[in-house]
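Data first, discussion second: the structure below is written as structure tokens.
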Ligand code: NAP
């Protein structure tokens, strides 16, 4: 007698298991692609992370997303690829040839969202990135991999911008927050990776009028969906790429690695997650 194969399942490992949109995204794709699979949230405290990851397959999972506070530690519990190592954090785990691999899909989430929202954005000499935290590392990796020659990196704590410049090489030019205004007129791409403009955080104050007329503006913040920065850029007629787009695009490869089909970021999926974010 043969038993029916168990549906493939992935999980999100975090602590606390914050309210995440990932189950909504992956369940949408499982449903629309007709795949019998699952995606669940697993609340894993730091002292149980190693055991949980080592027993991931025994627990019935084909892979996982990893979120705060485990994204850095999981590098030491898996085989990280070049992206995960350069970013210093992994958000996606999967098994291949009996090994647990790790990558960072924020890189392609950011780049693929720009490609979808502002095609041709990469025909630029200079970009300006605000922030030097975890997401800035993914953004820098993506911009340099795409061949952008000069990236100005402005951060409140200048030492952190310097540390990233040291890590990513001489195409990255660190600057103090007070230099921001002077960097705007040459920035054909402006990226906000700080938490400024997020609901409950101070606004991001900059003079959008100083950007070139053909600049593209990207904001990683997605609560609110249209940040004041994106609203000002749209009002000036600039092309924009928003944080929700990045969130959706970063989920694509994990799904493909776990369930074997490459899903699409569609308008229907976007509407579903938008409704969840806005409580509609
Ligand atoms: P992080 O590692 O904590 O870094 C936060 C950054 O914001 C740092 O550069 C910090 O500057 C800066 N910052 C915070 N408060 C500031 C203030 N009052 N004035 C000036 N700068 C300030 O955070 P992260 O993981 O990079 O995430 C940053 C944002 O991106 C969050 O809103 C997050 O939700 C969003 N995000 C979105 C996606 C997506 O898929 N759309 C993915 C990842 C992250 P200092 O170095 O001076 O502290």
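The values are calculated or read from the model by the stated rules, or taken from the named source; none is laboratory data. If you're wondering where the values come from, they're calculated on a predicted model, not measured in any experiment. For neighbour counting, all protein chains shown are included, and Cβ atoms are generated from backbone atoms with ideal geometry for every residue, glycine included.
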Inset, instruction - Kindly list the number of the only condition in (1) touching a residue at least 12 places away in the same chain (Cβ under 8 Å); (2) surrounded by fewer than 16 Cβ atoms within 10 Å (Cβ to Cβ); (3) farther than 24 Å from residue 225 by Cβ that fails for residue 207. - result: (3)
Inset, instruction - Only residues that are assigned to a helix (DSSP H, G or I), within 16 Å of the ligand (Cβ to nearest atom) and surrounded by fewer than 21 Cβ atoms within 10 Å (Cβ to Cβ): list them for segment 145-163, please. - result: 158, 159, 160, 162, 163
Inset, instruction - Go through (1) in contact with a helix residue (DSSP H, G or I) (Cβ under 6 Å, 6 or more places away or on another chain); (2) surrounded by 14 or more Cβ atoms within 10 Å (Cβ to Cβ) and name the single condition residue 187 misses. - result: (1)
Inset, instruction - Can you tell me which residue among 233, 251 is buried (at least 18 other Cβ atoms within 10 Å of the Cβ) and within 12 Å of the ligand (Cβ to nearest atom)? - result: 251
Inset, instruction - Take residue 176 and decide whether it is within 24 Å of residue 88 (Cα to Cα), touching a strand residue (DSSP E or B) at 6+ places or on another chain (Cβ under 8 Å) and modelled with pLDDT under 95. - result: yes
Inset, instruction - Return the residue satisfying two criteria in turn: it lies in segment 1-13 and is out of contact with any helix residue (DSSP H, G or I) (no Cβ under 7 Å at 6 or more places or on another chain) and modelled with pLDDT of 95 or more, and of such residues it is surrounded by the fewest Cβ atoms within 10 Å (Cβ to Cβ). - result: 9
Legend entry - Yes/no for residue 217 being outside any helix (DSSP H, G or I), under 22 Å from residue 83 (Cβ atoms), under 22 Å from the mean Cα position of the chain (by Cα) and more than 10 Å from the ligand (Cβ to nearest atom): no
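Yes/no matrix, rows are residues, columns are (1) assigned to a helix (DSSP H, G or I); (2) closer than 16 Å to residue 117 by Cα; (3) at pLDDT 95 or above; (4) within 16 Å of the ligand (Cβ to nearest atom):
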residue	(1), (2), (3), (4)
213	no, no, yes, no
244	yes, yes, yes, yes
258	yes, no, yes, no
262	no, no, yes, no
Inset, instruction - Answer yes or no: is there a residue in segment 126-144 that is assigned to a loop (DSSP other than H, G, I, E, B), buried (at least 20 other Cβ atoms within 10 Å of the Cβ), more than 14 Å from the ligand (Cβ to nearest atom) and touching a residue at least 60 places away in the same chain (Cβ under 8 Å). - result: no
Legend entry - Candidate set from segment 220-230 (those that are within 13 Å of the ligand (Cβ to nearest atom) and part of a loop (DSSP other than H, G, I, E, B)); member that is surrounded by the most Cβ atoms within 10 Å (Cβ to Cβ): 220
Inset, instruction - Evaluate the following for residue 277: is it modelled with pLDDT under 95 and in a helix (DSSP H, G or I)? - result: yes
Inset, instruction - Starting from segment 249-262, take each residue that is without any contact (Cβ under 8 Å) to a residue 60 or more places away in the chain and list its partners that are surrounded by 23 or more Cβ atoms within 10 Å (Cβ to Cβ) and not in a helix (DSSP H, G or I), counting only C-beta distances under 6 angstrom and pairs at least six apart or across chains. - result: none
Inset, instruction - From (1) within 16 Å of the ligand (Cβ to nearest atom); (2) farther than 17 Å from residue 187 by Cβ; (3) without any contact (Cβ under 8 Å) to a residue 60 or more places away in the chain, pick out the condition that doesn't hold for residue 116. - result: (3)
Inset, instruction - Answer yes or no as to whether residue 102 is more than 30 Å from residue 12 (Cα to Cα), surrounded by 23 or more Cβ atoms within 10 Å (Cβ to Cβ) and away from the ligand (no atom under 14 Å from the Cβ). - result: no
Inset, instruction - Kindly indicate whether residue 82 is under 13 Å from residue 218 (Cβ atoms) and either surrounded by fewer than 16 Cβ atoms within 10 Å (Cβ to Cβ) or in contact with a helix residue (DSSP H, G or I) (Cβ under 8 Å, 6 or more places away or on another chain) (or both). - result: no
